[in-house]
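Asks: What follows is a single structure, and I will ask about it in a moment.
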Amino acid sequence: MFLPSVADVVACAAASGATAGACALRGRLSRRVRPSRPARWSPVPWPRRGPFRARLPRRRARPPLPTARRLPPLGALPGVPSGVPSGRAEPAAFASLHLLSRASPALRAGLTEDAARKAARPLRALLGAEAVALVGLLPPDDADDPDDPDDLDEDAEPGRVHAAPRLLAWDGAARGAHAADAVRHALPVLATGRPRVIAPELLGCPNPRCPARVAMVAPLTVEGRVEGALTAYWRNASTARVRAVGEAARLVTGQLELAGLDGARLRLAEAEMRALRAQISPHFVYNSLTTIASFVRTDPGRARELLLDFADFARYSFRDPRDFTTLADELRSIDRYLLLERARFGDRLRFRVDVAPEVLPVAVPFLALQPLVENAVRHGMAGRADAFHVSIIARDSGAEAAISVEDDGVGMDPERLQEILSAPLGGPGPTGWGSVATRARRRDGGGAGIGLANVDERLRQVYGDEYGLTVETALGAGTKVNLRVPKYRPGVFPD
C-alpha cells in the first residue's frame, strides 16, 4: 500500500484546508482506487538543508461577488478633477467645500472693503493662484472726484457714470509690484463686462522671476450691472485656470445677489414699519392735543402730566426704527396711550393691565402690542355709549410669554376679518398695501387690518408660522387677540 510522505500531507492540508488525517487517507485512496487519474496534490521535494520546510502552493485570489457594485474612483466623479488621484480626491473635495464655506458668509454683507478682505484669502486658496485682487465700484455719492481720470465716464453703463473703481482687497505675493495697477487692469472689464487675460508683456512686470506673470480678470455682474472685478495672478496661463476664475466670479456674484435680496428685504421691512407708523391717526394727535388744551385752564397740573405722557408716547412711536424692544418698554408706551384716551373718553374707557414680572424683560418686535391696543380702542368703541373695557394680560408659559389683548366692543365678522388680513403687505404694487383694492378693503374694515396684518407677518418672519396671531371675534361679542413670544431665540435681543 502506498503511503504519502509528510511533506505531501502538509501541502495537501494547506491547499485544501482539510486535516492531516483526511489528507493521508485521501492520498491512499487516490493511489489505490484511481491510479490512472492525476493526483489532486503534487509532491513537493524536501528542502536541501535546514529544518523541515515545505513550499506551499500560492492561493488564488477570490473573484469579486457577482452582486458587488464597483464604484468609480473619486477622481472620475463629477466635480473632482480627473488629474487628482483617487486617494487624494476626497480630501481635496472637502478642502474646496471648506474654502467655499469661509468665503460665502463674508460676501453676504455685499462688496465692501471688509467683506472683500475676508473673502480674498479663501478665494486665492480655492483657485490655487499666486495672488487675488478684488476691485469694486464705489457708489456715486462716495466718489472722491467726478473729474478723476480713473472714473468711468464714457464707457461706463448708464447710471454708473461717476462710479469710481477702487482696490478693495489683495491677497498673495507681488503686492508691491502689481497692487497699484490692479484697478487699471480691471478698467476694461468694468466698462465692457467681458473677462480679460493679460499677458506678461502687457502686465508690465520687469522681474522675470515674479510669480504673478499672467493676470486673469472676470467681471462681477449683479442683476445686469457690473459691480466689480475678480483678478487672479499666476506664473502662466491655461484654459482650465481661465474657467476657474470665471466660476469663482460666478460664486462671488451669487453671494452678492443674495446680499442684494437681504437689503431689499430690509427696505421692505422699513416700508412696512413706516406704514404701521402711519396708522397712528392724525385724529388721535389732534384729539389728544385738544384734550390737553381743555385742561390748561381748568386743571393745569393734569394738562402738564398729559402733555408729558403725549411726549413720551410720540418719542417711543417715532424713534429710530429698531427690530426689538422689551415687553416692559412696549407696555409703558401703551400705558401712555391709554391715559391719553381715558382723558378724552373719561370713565367710558376702562382698562386693566395684568403682567407677570417674569416676562417683562422678554424681547418682542418693536410696535408689536401697541397696534393691537389701538385697534381695540378705535374700533371696539365705535357706536357705543356705555362703558368699554380693555384687558392686557401677559403670563409666563414655560419657554414662552403668552400675551392677550381683549375688549368687549362691537366685534367683527370673522370672514370679513379674514378677508382684510389676507390683503398683502408687499408694497405699493397692484396687490400691495398701496393698491386701490387693498385701500378699499382697509377703509371698509375701518383700518383695523393693517396693524394686525403687519404684526402677524413680523411675528411669523421672526419666530416661525406657529407664532402668528390668533383672533377670536364675532359680531357683538368683542375681540380677543392672542400671541406667543419665545423668551429666548438666537439673534433676538432688545436694542
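The values are calculated or read from the model by the stated rules, or taken from the named source; none is laboratory data. Remember, it's a predicted structure, so these values are computed and weren't measured experimentally. Methodologically, a virtual Cβ is constructed for each residue, glycine included, from the backbone with ideal geometry; neighbour enumeration extends over all protein chains shown.
Asks: Out of all the residues in the stretch 450-471, which are in contact with a helix residue (DSSP H, G or I) (Cβ under 9 Å, 6 or more places away or on another chain) and assigned to a strand (DSSP E or B)?
Replies: V471 - this is the single residue of the stretch 450-471 that is in contact with a helix residue (DSSP H, G or I) (Cβ under 9 Å, 6 or more places away or on another chain) and assigned to a strand (DSSP E or B).
Asks: If you take the residues in the stretch 379-398 that are touching an Asp or Glu at 6+ places or on another chain (Cβ under 9 Å) and small (G, A, S), which one is surrounded by the fewest Cβ atoms within 10 Å (Cβ to Cβ)?
Replies: Among those that are touching an Asp or Glu at 6+ places or on another chain (Cβ under 9 Å) and small (G, A, S), it is A387.
Asks: Sticking with this structure for a sec: Counting only residues that are touching a Gly at 6+ places or on another chain (Cβ under 8 Å) and part of a loop (DSSP other than H, G, I, E, B), which one in the stretch 378-410 is farthest from E341 (Cα to Cα)?
Replies: From the stretch 378-410, those touching a Gly at 6+ places or on another chain (Cβ under 8 Å) are 378-382, 384, 388, 390, 406-410; that's our starting set.
Pick out the ones that are also part of a loop (DSSP other than H, G, I, E, B) and you get 381-382, 384, 408-410.
On the way: M381: 11, A382: 14, R384: 15, D408: 17, G409: 16, V410: 18 Å.
Looking at residues that are touching a Gly at 6+ places or on another chain (Cβ under 8 Å) and part of a loop (DSSP other than H, G, I, E, B), I get V410.
Asks: In addition: From the list A401, A376, exactly one residue is at pLDDT 90 or above, in contact with a strand residue (DSSP E or B) (Cβ under 7 Å, 6 or more places away or on another chain) and either surrounded by 16 or more Cβ atoms within 10 Å (Cβ to Cβ) or of a type outside the set (A, V, I, L, M) (or both). Which is it?
Replies: On the way: A376 fails: at pLDDT 90 or above.
When all the criteria are applied, what remains is A401.
Asks: Still on this structure, please answer the following. Identify, by number, the condition in (1) of a type outside the set (F, W, Y); (2) under 26 Å from L360 (Cα atoms); (3) modelled with pLDDT under 90; (4) touching a Ser or Thr at 6+ places or on another chain (Cβ under 6 Å) that R344 doesn't meet.
Replies: Status for R344: all satisfied but (2).
Asks: Taking the condition within 29 Å of G260 (Cα to Cα), without any contact (Cβ under 8 Å) to a residue 12 or more places away in the chain and in the same structural domain as A125 (by TED's automatic domain parsing), does G224 pass?
Replies: It is true that G224 is within 29 Å of G260 (Cα to Cα), without any contact (Cβ under 8 Å) to a residue 12 or more places away in the chain and in the same structural domain as A125 (by TED's automatic domain parsing).
Asks: Can you say whether A293 is modelled with pLDDT of 85 or more and within 29 Å of L339 (Cβ to Cβ), as far as the supplied structure shows?
Replies: Working: modelled with pLDDT of 85 or more: yes; within 29 Å of L339 (Cβ to Cβ): yes.
Against the criterion (modelled with pLDDT of 85 or more and within 29 Å of L339 (Cβ to Cβ)), A293 qualifies.
Asks: Where residues in the stretch 171-221 are touching a residue at least 60 places away in the same chain (Cβ under 8 Å) and within 30 Å of the chain's Cα centre (by Cα), which of them is surrounded by the fewest Cβ atoms within 10 Å (Cβ to Cβ)?
Replies: Of everything passing the filter in the stretch 171-221, G172 is surrounded by the fewest Cβ atoms within 10 Å (Cβ to Cβ).
Asks: Please go through the stretch 447-488 and give me each residue that is over 28 Å from the mean Cα position of the chain (by Cα) and free of Cβ contacts under 8 Å to residues at least 24 places away in the same chain, ordered by number.
Replies: T470, E472
Asks: Right, here's the next one. Looking only at the stretch 268-276, decide whether some residue is at pLDDT 80 or above and either of a type in the set (F, W, Y) or not assigned by TED's automatic domain parsing to the domain that holds F324 (or both).
Replies: Residues of the stretch 268-276 that are at pLDDT 80 or above, as a first pass: none.
No, every residue in the stretch 268-276 fails to be at pLDDT 80 or above and either of a type in the set (F, W, Y) or not assigned by TED's automatic domain parsing to the domain that holds F324 (or both).
Asks: Residues that are of a type in the set (V, I, T) and crowded, with 17+ Cβ neighbours inside 10 Å: list the strands (runs of 3 or more DSSP E) wholly contained in the stretch 281-365 that include at least 2 such residues. Working first, answer last.
Replies: Details: elements: 324-326, 349-355, 363-365.
Here the list reads 324-326.
Asks: Another question about this same structure. Exactly one condition in (1) surrounded by fewer than 14 Cβ atoms within 10 Å (Cβ to Cβ); (2) modelled with pLDDT under 85; (3) within 29 Å of P357 (Cβ to Cβ) is false for Q418; which is it?
Replies: The number of the failed condition is (3).
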